[in-house]
Amino acid sequence: MTSCAGPQPEPARQAPPTSNALFNGVPISELSRDSDVCRAAFSLSHVEGRLLDHERPQGGCGIANGVEVTRTSVRLNQSFQSSCKLAATFSVFEDTVLQPAAKRHFGQSVTRIDHWGTYACRNRNNRQAGSRSEHALANAIDIAGFQMADGETVTVRHHWNAGGRKEAFLRDVHRGACKLFQGVIGPDGDRHHHDHFHFDMGRWRFCR
């Protein structure tokens, strides 16, 4: 299944928010400004993975100041390579948004996240022309679903409008993500995102 990135039309451009959320004791806002600080915080965190060699992006694609994440606080369906600031923000999202929402609605923790990847050298929504996706810089991740400790699953495709606690959980997750990530798109954002959440740490602030 093909993942996608970026809203259509482009979201209104706004200044990045100032986040008070902390990753290993360092504010996300500082991690976004200083790649060396981000990489140092990542290397000391509970997130499992490794720092990647610095790569200067060419043609709008590449992973600068990147990390490879093999496990966060939960199991992943596959490892991912991303910008340090995205990986750090994703870790904070799990701790402050995802797990509290799971406890509220299910009385248990999320133990697995299914995602469709991060890095892909392409334009937004796989168009032949236009601006590059945040995925082209490994600065975005697409999330398809979650598994609880008892094995119960929740997917964006099947439960966004399903009613009950699964829909309530997904909408809480979407709402909370908007407070941390720069760009968030869910099923109500556009037709390209009917079956997954798009989270990114790009230049512009939007929540759809």
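Overview of values
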quantity: Förster-model FRET efficiency, 35 Å R0, residue 158 and residue 96, C-beta, rounded to 0.05; calculated: 0.85
quantity: Dipole moment magnitude, nearest 20 debye, the chain about Cα centre, only Lys, Arg, Asp, Glu C-beta charged; calculated: 400
quantity: Total formal charge among the other residues, if their Cβ is under 11 angstrom from that of residue 22, Lys/Arg +1 and Asp/Glu -1; calculated: -2
quantity: Nearest-0.05 FRET efficiency for residue 179 and residue 43, computed from C-beta distance (R0 35 Å); calculated: 0.85
quantity: Residue-wise HN-Hα coupling along the stretch 162-172, computed from phi with Karplus coefficients 6.51, -1.76, 1.60 (Hz; x: Gly, Pro); calculated: 8, x, x, 6, 5, 5, 4, 4, 4, 6, 5
quantity: Sequence-distant lysines (8 or more away, or on other chains) whose Cα lies within less than 26 Å of residue 166; calculated: 103, 179
quantity: Semi-axis lengths (Å, descending) of the ellipsoid that matches the C-alpha gyration tensor of the stretch 49-137; calculated: 28, 16, 10
quantity: Vicinal HN-Hα couplings computed from phi for the stretch 67-82 (Karplus, 6.51 cos²θ - 1.76 cosθ + 1.60; Hz; Gly/Pro x); calculated: 9, 10, 9, 9, 6, 10, 7, 9, 7, 10, 5, 7, 5, 9, 9, 8
quantity: Cut-off 12 Å between beta-carbons: net charge of the residues surrounding residue 120, Lys and Arg +1, Asp and Glu -1; calculated: +1
quantity: Calculated Rg and Dmax of the stretch 22-207 using C-alpha coordinates, Å; calculated: 15.8, 47
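Rule-based calculations on the coordinates, nothing more; no lab input. Keep in mind the model is a prediction, meaning the values are calculated, not measured. Backbone-built Cβ (ideal geometry, glycine too); neighbour counts: all protein chains shown.
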